[in-house]
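The values are calculated or read from the model by the stated rules, or taken from the named source; none is laboratory data. Treat the numbers as computed from the prediction; the structure is a model and nothing was measured. Reconstructed Cβ throughout: ideal geometry from the backbone, glycine too, with neighbour counts over all protein chains shown.
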């Protein structure tokens, strides 16, 4: 059986391994393009958010290539993402696609439903095979996230533009080709070595502008949805730290592992879970301010209620913690040129604030 799934950053590499390990023929989703978004927008409700539209377009393109089963997942709570599977299934059926869909909710929220769907997905594979496949998939996700974080740290220092991207793509290929856990670990070591071999400027990373990224998970993880924001900021000489990667999201939001619950940090400002990552965005902005970051970019799909709620709190939060926050609401009308212009202006603002702050510090130290 041919199976496909949404494209969300580098995770498609790991999910292809999972499907192969369970005996499926994966139809790996292509990275989204303008055609993907156009298809999704054409058949989506008008006020559906951009992740809904891109994922729907991705499904249609996968079905055109022969996919028979679609696998996805989403939250269970105030955010509309928990309904996406049912809505996508109905739209695809109305379009004449005869496909099956398995949509997973978080296992701790709906354990009986989750394991029923796992049994359905694993088909004739044994539980031992499932555990082996999950271990391999998890190891790939860990390595992929490590490689991506490393690329973010190196990009503002690269001497030749595009060299980090080339090394990163080469490292991704190594992980994709690895077939055992040990091979994945070795691929990770080799990939990190390739990234570390990229020629970089002799600059202390502490001297760089530091910008944190918060917001809804899909627009954070999928470069097409955020117009390759991290790469653009890196090219502007900014050290970027994203609040969400798939592995830390799985630990803290799905499995509830982790030392500090970011919701507790946000509680004085937003005491309720408003769905999605709205409460997380507030807590993470405070966390970035505490750790000396110079600014934050909030990424949000247009019409995303959790991020709209968070945005209403951001101005007072920004003043209290003295950290500039730029919010980007993204939909199918958003243009890359406009986003890049706003990012360039934001970085200029941060540099200006930093110079003024350093000037005040110098004046105090000199007694003038």
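Within the range 60-84, take every residue that is over 19 Å from the mean Cα position of the chain (by Cα) and part of a helix (DSSP H, G or I) and give me the one that is modelled with the lowest pLDDT. Explain how you work it out, then say what you get.
Within the range 60-84, the first condition is being over 19 Å from the mean Cα position of the chain (by Cα), and the residues that meet it are 60-70, 77-78, 83.
If we keep only those that are part of a helix (DSSP H, G or I) as well, we get 60-64, 83.
Details: 60: 98, 61: 98, 62: 98, 63: 98, 64: 97, 83: 87.
Filtering the range 60-84 for residues that are over 19 Å from the mean Cα position of the chain (by Cα) and part of a helix (DSSP H, G or I), the one modelled with the lowest pLDDT comes out as 83.
For the range 93-108, name all the residues that are more than 11 Å from residue 73 (Cα to Cα) and assigned to a strand (DSSP E or B).
Restricting attention to the range 93-108, the residues satisfying the condition of being more than 11 Å from residue 73 (Cα to Cα) are 93-100, 108.
Scanning the range 93-108 gives a single hit, 100.
Between a residue in the range 302-320 that is within 22 Å of residue 46 (Cα to Cα) and any residue that is modelled with pLDDT under 95 and part of a helix (DSSP H, G or I), which pairs come within a Cβ distance under 6 Å, given they are 6 or more apart or on different chains?
So the pair list comes out as 306/278; 307/278; 309/278.
Being touching a residue at least 40 places away in the same chain (Cβ under 8 Å), surrounded by 17 or more Cβ atoms within 10 Å (Cβ to Cβ) and closer than 26 Å to residue 311 by Cα narrows it down to one residue among 198, 184, 211; which is it? Walk me through it before giving the result.
Details: 198 fails: closer than 26 Å to residue 311 by Cα; 184 fails: closer than 26 Å to residue 311 by Cα.
The conditions single out 211.
Give the residue, chosen from 187, 197, that is modelled with pLDDT of 95 or more and within 22 Å of residue 134 (Cβ to Cβ).
187
Does the range 102-127 hold any residues that are in contact (Cβ under 8 Å) with a residue 60 or more places away in the chain, surrounded by 15 or more Cβ atoms within 10 Å (Cβ to Cβ) and closer than 13 Å to residue 71 by Cβ, and which are they?
The answer is 121, 122.
Residue by residue, here is whether (1) on the phi > 0 side of the Ramachandran plot; (2) crowded, with 24+ Cβ neighbours inside 10 Å; (3) touching a helix residue (DSSP H, G or I) at 6+ places or on another chain (Cβ under 8 Å) holds:
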| position | (1), (2), (3) |
| --- | --- |
| 6 | no, yes, yes |
| 12 | no, no, no |
| 17 | no, no, yes |
| 21 | no, no, yes |
| 31 | no, no, no |
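Surrounded by fewer than 13 Cβ atoms within 10 Å (Cβ to Cβ), touching a helix residue (DSSP H, G or I) at 6+ places or on another chain (Cβ under 7 Å) and either in a strand (DSSP E or B) or touching a residue at least 60 places away in the same chain (Cβ under 8 Å) (or both): is that true of residue 161 in this structure?
Yes: the conditions hold for residue 161.
Which of (1) assigned to a strand (DSSP E or B); (2) more than 24 Å from residue 32 (Cα to Cα) is the odd one out, the single condition residue 193 does not satisfy?
If we test residue 193 against (1) assigned to a strand (DSSP E or B); (2) more than 24 Å from residue 32 (Cα to Cα), just (1) comes out false.
Considering only the range 87-107, state which residues are touching a helix residue (DSSP H, G or I) at 6+ places or on another chain (Cβ under 7 Å) and more than 26 Å from residue 47 (Cβ to Cβ). It would help to see each step written out before you state the result.
Looking only at the range 87-107, we keep the residues that are touching a helix residue (DSSP H, G or I) at 6+ places or on another chain (Cβ under 7 Å), and these are 88, 91-92, 95, 97, 99, 101-107.
Within the range 87-107, 102, 107 qualify.
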